[in-house]
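*Asks:* First, the structure itself, so that you have it in front of you.
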Amino acid sequence: MGNVYKARDRELDELVAMKVLLPELAGNAGALERFRREVKLARRVTHPNVARVFDLGEHGSERILTMELVDGDSLGGVLHRERLGLSRIVEIARAICAGVGAAHSAGVLHRDLKPDNVLVGKDGRVLVTDFGIARAVAEGGGTVGFVGTPLYMAPEQVHEKSPLDQRTDIYSFGAMFYEMLVGEPAWHAESVWGLAAARLMNPPPDPRAKRPDLPTGLAELVIHCMAREPADRPASMSEVDRSLAAVALPSTQSLTPIEPPDALTANPKLVTTGNDKRVAVLPFANLGSADQAYVADGLTEDLIDALSIARGLRVRSRGTVMSLKGQTLDARSIGRELDVNVVVEGSVRKSAGGYRVTARLVSVVDGFQLWARRFDVPEAEILAQNDVIAHAIAEALTADLETPMRGPSDARAIELYLRARQAYHESFSVSSEAPLQLYDQVLLATPDDPRALAGRAMAGAHQAFWNPALRKIAYDSAHRAISLAPTLPDAHVSLGVVKVLDLDLLGAVAPLKT
C-alpha cells in the first residue's frame, strides 16, 4: 500500500517510521479507511509488545502515518537469515502472545499475523505491528470476510462464512510458530487457492515429522493452535502463553548446528538424504560483454556434468538451475526451493588471452561462504581448469570424483564447442542444424574428442524429429563416443534418445540405465 521511511518528527523530536500511502491509492476510499483504521485500532492497544502508532496526517495530496521506529528486522527477515535456538523461539513466541493478547483485551482482532508483521529489535524487543486489516470485535460475535495472508490464514478466514474471533489469530500464531520451529511454512501449494484448500481438507501438520527432536509440548501446542475447528483451539493467547511456559526445553537448544565458515573442508557435517550431499550449481555470472555469455553458460553446464558423476553427490540438473539465471537470490532461499545442502556460485570475465573464473561454495544453513578460489585461465585450458574446480569442490564435500573427459584443448575448438552447446539448448524445441554444424567444426580440429561426439549425437538425436536422416549421424556419433569414453553419460543418453525416436523402447533401456 505504500512506502516506509525513517524520518524525524519535529514536534516529538524523535525518529519515527513514516508510512506514505501510494499516490494511486490516495483517492481510494477503501485504502484510506484501512490507513485510518490502523491508527484508530492500534491506538487502542497499549503494550510493550505492540508497536506504537502516533498519528495520521496529510502533506499536499499525500496521506501519512507515523509510528514507532524499531531498529531491527521483521521476524520474517530473521528467520530467512538465521536459525534460532529453541529458547529464543519460545521467548519470541511468548512476546507475540503478550502483544496479541493485549490487542484481544482491547477488543481488537489482528487478522493478519505473520512473520513480516512482527518486528525484532536489535535490543531484543519483539513487537506486533501492522493492524491495517484489524477489526474491532462486534458485540456477541466477530467479523466475517476473506482477509489475511494465505500461508497463515485460519480455515474460517478461507471459508468466509464463519465469524472470526480471537481464535482466528491463535491459528495464525500456530502457523507462524510452526515455521519458527521447523524453518519452513506449514502449508505448501502452487497457488493461493491451493494453500487455502490445504487447511480446509487436511489436519494440522505435526512439526515432529520435519523435526523429530522437538519437545512434545511444543509440537502439541502447534497442533492445538492449528486445529481446523476454532472450538478445538486454545481459548485465549493467555492459555497459549501458559503452555509455552510449561514446556521444559532440552539443554541443547540449537535448531541446526552451524559450522564455522571453514568447517566444510575440515569436517563436513551437512544435513543429507541417505549418504548423499545435495548440490545446486547456479548459473555462473558473465562479467564480460553480452557476446561472452556462452562461456559462463558452458562452464556452468560442464561443472554440473562433472560433479554429477561424483560418488556421494546429488546434483540438480541444468534445466532446474538455469531458471535462476540473472536472479539475485539468497543461498538459504535457494536451499529451501531446490532442497539442497550447498550451492556453487561463480563468475567469468574475459581477460587478455584467457578468462578469470571465480568459484564459491556457500552453505544453505547460514549463508556462510565455505570455500572460494580464483583462477586466471588461458583460453586453451578453460575446460581443463573447470575439471580442477570440480575436483576441488568434490574434495571440499568429501566426495569421490573420477577424472572426467576434458573435451577439446585447442582454443578455437573450445570456443566452437561452448557455442555449440549454447546453440543446442537454444534450439532444443525448434528446427535448427546450427548446433550440428558447430560440432562438425569442433571435430575437424579434434576428431577423437568424445564430448564433442556426444554433443553431436545429442544435437542430431533432437533434430532428427524434423529431419529423420540425422538419426544415422546421431547413432554413429553416439557409438563412437561410447567406444572412446565408455563412462561418458551424454554418449549413452544420446544413444537411448535415438532408439526412442526409432520406437525401439526396449533397446533404449540399456544405454539409459548405463
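The values are calculated or read from the model by the stated rules, or taken from the named source; none is laboratory data. Note that this is a predicted model, so its numbers are computed, not measured. Glycine also receives a Cβ, built like all others from the backbone with ideal geometry; neighbour counts cover every protein chain displayed. Calculation scope for accessible area: heavy atoms of the full protein, side chains included, ligands and nucleic acids excluded. Shrake-Rupley method; radii C 1.70, N 1.55, O 1.52, S 1.80 Å.
*Asks:* Give me the percent relative contact order of segment 284-339, please, defined on Cα pairs under 8 angstrom at least 6 residues apart.
*Replies:* 23
*Asks:* Work through the residues other than D297 whose Cβ is under 15 Å from its Cβ and net out their charges, Lys, Arg +1 and Asp, Glu -1.
*Replies:* Working: positive: R318, K325, R349, K350, R419, R421; negative: D291, E301, D302, D305, E345, E415, E426.
Computed value for this residue: -1.
*Asks:* Could you please state, rounded to a whole Å, how far the C-alpha centre of segment 337-356 is from the C-alpha centre of segment 471-514?
*Replies:* 31
*Asks:* In a solvent-free Debye calculation with one equal scatterer on each Cα, what is log10 I(q)/I(0) for segment 199-244 at q = 0.22, 0.24, 0.31 Å⁻¹, listed in the order of the q values?
*Replies:* Calculated log10 I(q)/I(0) at the listed q: -0.78, -0.88, -1.12.
*Asks:* Rank these residues by their accessible area, most exposed first, probe 1.4 Å: V4, V118.
*Replies:* Correct descending sequence by accessible area is V4, V118.
*Asks:* Calculated FRET efficiency, R242 and K122, Cβ-Cβ r, R0 35 Å, to nearest 0.05? Present the calculation step by step, with values, prior to reporting the outcome.
*Replies:* On the way: r = 29 Å, r/R0 = 0.83.
For R0 = 35 Å, the calculated efficiency reads 0.75.
*Asks:* OK, next. Working with all protein chains in place, sort L75, L12 by solvent-accessible area computed with a 1.4 Å probe, largest first.
*Replies:* Per-residue accessible area, sorted high to low, gives L12, L75.
*Asks:* Another one. Looking at segment 75-113, which trypsin sites (Lys or Arg not before Pro) are DSSP coil and have at most 11 other C-beta atoms within 10 Å of their C-beta?
*Replies:* Listed in order of number, the matching sites amount to none.
*Asks:* Additional query: Please work out how much length the chain gains when fully extended from L287 to L512, using 0.36 nm per residue of separation minus the C-alpha to C-alpha distance, in nm with one decimal. Could the numbers behind the result be given before it?
*Replies:* Working: separation 225, 0.36 × 225 = 81.00 nm, distance 3.69 nm.
Gain in length upon complete extension: 77.3 nm.
*Asks:* Ordering V128, V315 by how much accessible area each has at a 1.4 Å probe, largest first, what is the list? Numbers along the way, then the final one.
*Replies:* Details: V128 5, V315 35 Å².
The most accessible residue leads, giving V315, V128.
*Asks:* Express in nm, to one decimal, how much length is gained between E14 and R81 on full extension, taking 0.36 nm for each residue of separation and deducting their alpha carbon distance. Don't skip to the answer; put the middle values down first.
*Replies:* Working: separation 67, 0.36 × 67 = 24.12 nm, distance 2.93 nm.
Fully extending the segment from E14 to R81 adds 21.2 nm.
*Asks:* Keeping all protein chains in the complex and leaving out DNA, RNA and ligands, what accessible area do you get for M176 with a 1.4 Å probe, in Å² to the nearest 10?
*Replies:* Ignoring ligands and nucleic acids, M176 comes out at about 0 Å².
*Asks:* Let me ask something else about it. Decide, for segment 451-504, between rounded, prolate and oblate: order the square roots of the alpha carbon gyration tensor eigenvalues as a ≥ b ≥ c, take rounded if a/c falls under 1.5, and otherwise choose prolate if a/b is larger than b/c, else oblate.
*Replies:* Numbers: a/c = 2.19, a/b = 1.68, b/c = 1.30.
Verdict is prolate for segment 451-504.
*Asks:* With r as the distance between the Cβ atoms of K6 and N28 and R0 = 25 Å, compute the FRET efficiency 1/(1 + (r/R0)^6) and round to 0.05.
*Replies:* For R0 = 25 Å, the calculated efficiency reads 0.45.
*Asks:* May I ask you to compute the full-extension gain from A352 to S483, defined as 0.36 nm times their residue separation minus their alpha-carbon distance, rounded to one decimal in nm?
*Replies:* 43.4 nm
*Asks:* Efficiency by 1/(1 + (r/R0)^6): what FRET value for L200 and W466, r their Cβ-Cβ distance, R0 = 51 Å, to the nearest 0.05?
*Replies:* Values: r = 48 Å, r/R0 = 0.94.
The computed FRET efficiency comes out at 0.60.
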